[in-house]
Amino acid sequence: MTEKAELRRHAKGRQPPTEIQNAAVCHGLADWLTPRMPGFVLIYRSLSGEVDLTLLQALVPTARWLLTRTPEEGGLTIHPAESGLETHRFGFIQPVADAPTIPDSEVAVVLVPGLAFDRHGGRLGRGMGYYDSLLERLGSAESVGVALESWVLDQIPLESHDQRVDWLATERGVRRSR
């Protein structure tokens, strides 16, 4: 088993964030986002074990929130968060197929889920490469890895296609990662 596969196995077996931890991360992100008042902010709908950002949308109601959609083929597409939603065949919630799309160039901040991050912005995802491709496409958008402090490791083994995040958001607040 590869080191990344072992890290994924371990991460998937841990306890999910508590409501208090989710709230702490969301409050820290709200404090970080509010003075910036960026354009569009790409958020995610949490999967099991990920930090839930639902509260963040209520804390920063003036933000223009976006969500991704996982199409049958190709990379993630970007849509307004208020679009109609449906359940993907793998069980997660996403915008409906005919939701309006937002150009990559409009995204100012992308909040990135992960199973773990390292202090330098390295990310351990679920292994499909969707967010790595998205982060590469978004280029100039500020990327923020969202995790609990206990998920931040000294180092995660990275491959050539892996993308780093610019910031880390945990229950201790938001800090620069690189």
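The values are calculated or read from the model by the stated rules, or taken from the named source; none is laboratory data. Just so we're clear, the structure is a prediction, and the values are computed from it rather than from any experiment. Every residue, glycine among them, receives a Cβ derived from its backbone with ideal geometry; neighbour counts consider all protein chains shown. Calculation scope for accessible area: heavy atoms of the full protein, side chains included, ligands and nucleic acids excluded. Shrake-Rupley method; radii C 1.70, N 1.55, O 1.52, S 1.80 Å.
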Inside the stretch 124-151, can you point out the residues that are at pLDDT 95 or above, part of a strand (DSSP E or B) and not polar (S, T, N, Q)?
Glu142, Val144, Gly145, Val146
Filter the stretch 148-158 down to residues that are touching an Asp or Glu at 6+ places or on another chain (Cβ under 9 Å) and open to solvent by 30 Å² or more (accessible area, probe 1.4 Å) and give me whichever is nearest to Leu56 (Cα to Cα).
Glu149
Inter-residue pairs, beta-carbon under 7 Å, first more than 27 Å from Asp104 (Cβ to Cβ) and in the stretch 15-43, second assigned to a helix (DSSP H, G or I) and modelled with pLDDT of 95 or more, 6+ apart
Asn22/Leu55; Ala23/Leu55; His27/Leu59
Taking the residues in the stretch 76-112 that are closer than 19 Å to Leu56 by Cβ, part of a loop (DSSP other than H, G, I, E, B) and small (Gly, Ala, Ser) as candidates, determine which candidate is nearest to the chain's Cα centre (by Cα).
Ala81
Are any of the residues in the stretch 83-101 surrounded by 17 or more Cβ atoms within 10 Å (Cβ to Cβ) and touching a Phe, Trp or Tyr at 6+ places or on another chain (Cβ under 8 Å)?
no
Would you say Leu115 is touching a helix residue (DSSP H, G or I) at 6+ places or on another chain (Cβ under 6 Å), surrounded by 15 or more Cβ atoms within 10 Å (Cβ to Cβ) and either at pLDDT 90 or above or of a type in the set (S, T, N, Q) (or both)?
yes
Filtering the stretch 16-45 down to residues that are in a loop (DSSP other than H, G, I, E, B) and at pLDDT 90 or above, which residue is surrounded by the fewest Cβ atoms within 10 Å (Cβ to Cβ)?
Thr18
Does Gly145 satisfy the condition of being on the phi > 0 side of the Ramachandran plot and not basic (Lys, Arg)?
no
